[in-house]
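A.B. asks: This structure is in structure tokens; I'll ask about it shortly.
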Amino acid sequence: MSNPEPKEETEAEAAEEEVKEAPAPADAAETVEAEEVEPEAEESEESEEPEEAEETETTEAPSAAAEEAAEGEEEIEVVEEKVYTIPLRHVWVVTPRGRRAPRAVRDVRDYVARHMKSDEVAVSNEINSAIWSRSINKPPRKITVRAVKDKEGKVIIYPAKGA
């Protein structure tokens, strides 16, 4: 335990030497020393926090995944958000049986791009799973989606909350 005490003294001496080298008022010297001490404390705290976060993720995986998904949606700076019920019945009439689900995904993307006036449209995994849920032959006749447009003009399609 005698080792840490000399280390602290040497660090303090080094800090005093740095203050002596740079001519500055006494108040500025105190703030420089305080700033040098605080980042070290923050680094030790930051190194401990990720370990705790990893432990909670492993013990509560389903809830942690749901929280991350919710945080991912909240991090996007929403400019515009709308809910659409997109009819897909024409996919059944126009498209051959073996190509209906891919056509439905394209139609959903095109519909939202047209209505939200954006070229960049991303379809979430939940919407894709909902369309493909009954295989390639039988996509749903209609689907309700929530389109979120961020400040860069990119639109992401999520399932509607109520549906």
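A.B. asks: In region 84-102, which residues are among the β-branched types (Val, Ile, Thr) and closer than 26 Å to VAL148 by Cβ?
C.D. replies: Those that are among the β-branched types (Val, Ile, Thr) and closer than 26 Å to VAL148 by Cβ: THR85, ILE86, VAL91.
A.B. asks: Answer yes or no: is there a residue in region 135-145 that is among the aliphatic types (A, V, I, L, M), at pLDDT 95 or above and either assigned to a strand (DSSP E or B) or exposed (fewer than 11 other Cβ atoms within 10 Å of the Cβ) (or both).
C.D. replies: Within region 135-145 (the criterion being among the aliphatic types (A, V, I, L, M), at pLDDT 95 or above and either assigned to a strand (DSSP E or B) or exposed (fewer than 11 other Cβ atoms within 10 Å of the Cβ) (or both)), the answer is yes, since at least one residue qualifies.
A.B. asks: Still on this structure: Exactly one of these conditions fails for ASP110: (1) assigned to a strand (DSSP E or B); (2) of a type in the set (Asp, Glu); (3) free of Cβ contacts under 8 Å to residues at least 40 places away in the same chain. Give me its number.
C.D. replies: (1)
The values are calculated or read from the model by the stated rules, or taken from the named source; none is laboratory data. Just so it is clear, the model here is predicted, and its values are computed rather than measured. Virtual Cβ from ideal backbone geometry, glycine too; neighbours counted across all protein chains shown.
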